[in-house]
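Chemist: Dropping a structure here in structure tokens format, bear with me for questions.
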Amino acid sequence: IKRGAAPSLHPPALRQQYNIWLDVVITPETPISIGAVVKIIRLKPTNRNTYDDAPTRYTAETTGVEGRVLEMRMVEAEVLELLVSNDNKRSSIDFAHLAIKYAPGLTVKMGWTTRLRLAILSSMLNSARTIPL
């Protein structure tokens, strides 16, 4: 689910490039790791009705982002951010920042040193929001 977009200054190009921020709300088929190649598909709400009891319906739409995960960083106690470089030259998106629930072995795959570092960091961070799966 899209959280935002902002102009990118890397690299200078003839047309405007953007960075996007997305929340990953569906558990990936396989845990995501650094170096993994991903294709990002966005969920877009389709019904904007006034009924409170009606569930929101979504449709899948391509973002044009296909590339490798470059890095992971802990942003909150339960939220990990993945930086994806877009290799799709036809897209106006340069990088995608994916916020995903931190669940080692389920949502992300990492070595024991990274897991230990993130475990220490997560104990020091507060949790301001959660990303449901």
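Readers should treat all values here as calculations from the given coordinates under stated rules, not as data from a laboratory. All of these numbers come straight from a predicted model, not from anything done at the bench. Cβ atoms come from the backbone with ideal geometry, glycine included; neighbour counts cover every protein chain shown.
Chemist: Quick one: the Cα spread of the stretch 28-107 along its three principal axes, in angstroms, biggest first?
Modeler: Projected onto the principal axes, the Cα atoms of the stretch 28-107 cover 43, 35, 22 Å.
Chemist: How many nm separate the modelled label positions at Arg90 and Arg73, each set 7 Å beyond the Cα in the direction of the Cβ?
Modeler: Going from the Arg90 label point to the Arg73 one covers 3.2 nm.
Chemist: Mind listing the long-range amide H neighbours of Ser33? Cut-off is under 5 Å, sequence gap 5 or more, other chains count too, H placed in the peptide plane at 1.01 Å from N.
Modeler: Under 5 Å from the amide H of Ser33: Lys109.
Chemist: Search the structure for amide H atoms under 5 Å from the amide H of Ile41, placed 1.01 Å from N in the peptide plane, and list their residues when 5 or more places away or on another chain.
Modeler: Amide H to amide H, under 5 Å and 5 or more residues apart or across chains, Ile41 pairs with nothing.
Chemist: So what's the net charge close to Pro28: Lys and Arg +1, Asp and Glu -1, counting the other residues with Cβ under 12 Å from its Cβ?
Modeler: +2
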